[in-house]
Amino acid sequence: MDLDPELYEGLPDPVRKAWERSLTSGRAAMSRRRLLRLGSLAAGGAALAACGIPPAAGSGGGTERRDPDHSKKERVLNFANWPLYIDVDDKNKKKRPTLNRFEKQSGVKVKYVEDINDNNEFYGKIKPQLAAGQDTGRDLICLSDWMAGRIIRQGWAQRLDPAHMPHAVANLEDRFRTAAHDPGRQFSYPWAGTACVVAYNKKATGGKKVTSVSQLLEDDFLKGRVSMLTEMTDTMGLAMLDTGIDPQKFTARDFDRTLARLQKAVDAKQLRRFSGNDYLDELNSGDIAACLAWAGDIVQLRIDNPDVEFALPESGYLFGTDDLLVPAKARHRANAEAMIDFYYQPREAAELAAWVNYICPVTGAKAEMEKIDKDLAEDTLIFPDAETIARGRNFRPMSTGEHARFENKFAKLIGA
């Protein structure tokens, strides 16, 4: 994706560089529209970016029969992904090294489109075709785990054939092999892992560390200089953990209790605002001293701003995945399986992770990353160690009725 340099005008240098290195989030990916919004924020504007809803319950269902596959005769693949969520050549932004290698090795021509800017928006785009039993025109899509689970539950995903994906089967890290939204990983494989953590600007905090949600909600020295995320699962999940509630097992009463705690902080003006990716600019400048943040953002920003730090709260952090799956009626399932398998080779996985800086789900990729960038190989936000992994928690799957009720309550809290 060749981005217009004018889109970066008005951004502080570290922020601009971070975006140029493909800063992205699987839950609120960058788009041309978001870049324009960031430019206006740097000039003093402010906006909220609502993003997503909670996980859909996974039943292990899905398309049981095999839809006709035309991969042998039609050596093509239509792949829909988030903007800036794949490696590009530093000198020629139109080239994508790993994707180009897949095309050369497989003989499959990939039509790569960046038309997923929001899970709900994309779901609304493909739902009519899926509900009507029609081809969406896409053979492979990348969606956040809760949305992938909804599609699987509704029977709109094709079961993947492990015989076509030997590298994926062998190299998928053990902790990704079980998922509430796709038990046994029969329909999806992670493109990347995501983590929501606490971040702070140590210059803005006067050198004080910020390591918990309690500090964000209660410490006087942070009053009015805290932001949280418009993504309900991450903000509520981290706040639940801080209250001693497991987001993997919470009740409606637990949700309301946590929401009331956040509302108290809003009423006391402890929280400055709720935001999407646009917290990045304010964290960099110190306009906000501390916030909830997506790990990939922080990996990028720390390269140019040593004042930015992160912490994994002792109570735990929110963990998720952005998953690849093949929609029902897609014409080229085997070609899609070949591509999934390609990216589960350690070398290719490492090169992808070096560019997007999100959690890599591939065993053996860390050793390959050491050949590319030793610092990234040691970064626990890309290759979590055992302690980091143990502290991660998912937001539990919810029924359609539950997620609608909880999302409406959360929307009132953030003023959406």
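The values are calculated or read from the model by the stated rules, or taken from the named source; none is laboratory data. Note that the structure is predicted; figures quoted are calculated from it, not measured. Cβ placement follows ideal geometry from the backbone for every residue including glycine, while neighbour counts extend to all protein chains displayed. These accessible areas exclude ligands, DNA and RNA; they are computed on the full protein's heavy atoms, side chains included. Shrake-Rupley method; radii C 1.70, N 1.55, O 1.52, S 1.80 Å.
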Cβ contacts < 8 Å: first residue more than 19 Å from Thr194 (Cβ to Cβ), restricted to segment 377-406; second residue open to solvent by 60 Å² or more (accessible area, probe 1.4 Å) and charged (D, E, K, R), any location; separation 6+ or different chain. Result? Ala377/Lys366; Ala377/Glu370
Go through segment 106-160 and give me each residue that's more than 21 Å from the chain's Cα centre (by Cα) and open to solvent by less than 20 Å² (accessible area, probe 1.4 Å). Val108, Val110, Leu130, Thr136, Gln158, Leu160
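I need the helices (runs of 4 or more DSSP H) fully contained in segment 74-177, keeping only those with at least 1 residues that are among the charged types (D, E, K, R).
Values: elements: 97-106, 119-131, 145-153, 166-171.
Answer list for segment 74-177: 97-106, 119-131, 145-153.
Matching residues to (1) surrounded by fewer than 22 Cβ atoms within 10 Å (Cβ to Cβ); (2) at pLDDT below 95:
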site	(1), (2)
Leu325	no, no
Phe342	yes, no
Tyr358	no, yes
Met369	no, no
Ala386	yes, yes
Arg391	yes, yes
His403	yes, yes
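Looking at segment 276-290 only, could you name the residues that are of a type in the set (A, V, I, L, M, F, W, C) and either within 17 Å of the chain's Cα centre (by Cα) or open to solvent by 10 Å² or more (accessible area, probe 1.4 Å) (or both)? Break it down into steps so the answer makes sense when it comes.
First, pick out the residues of segment 276-290 that are of a type in the set (A, V, I, L, M, F, W, C): 280, 283, 288-290.
Residue satisfying the conditions is Leu280 alone.
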Can Ala293 be described as on the phi < 0 side of the Ramachandran plot, out of contact with any Asp or Glu (no Cβ under 9 Å at 6 or more places or on another chain) and open to solvent by less than 10 Å² (accessible area, probe 1.4 Å)? yes
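Among the residues of segment 194-216, is any assigned to a loop (DSSP other than H, G, I, E, B), surrounded by 24 or more Cβ atoms within 10 Å (Cβ to Cβ) and assigned by the TED database to the domain that holds Lys73? Quick ask: steps written out before the conclusion?
At the first step, the residues of segment 194-216 found to be assigned to a loop (DSSP other than H, G, I, E, B) are 202-212.
After this cut, where a residue has to be surrounded by 24 or more Cβ atoms within 10 Å (Cβ to Cβ) as well, the list is 210.
Retained after the next criterion (residues that are assigned by the TED database to the domain that holds Lys73): none.
Looking for residues that are assigned to a loop (DSSP other than H, G, I, E, B), surrounded by 24 or more Cβ atoms within 10 Å (Cβ to Cβ) and assigned by the TED database to the domain that holds Lys73, one finds none in segment 194-216, hence no.
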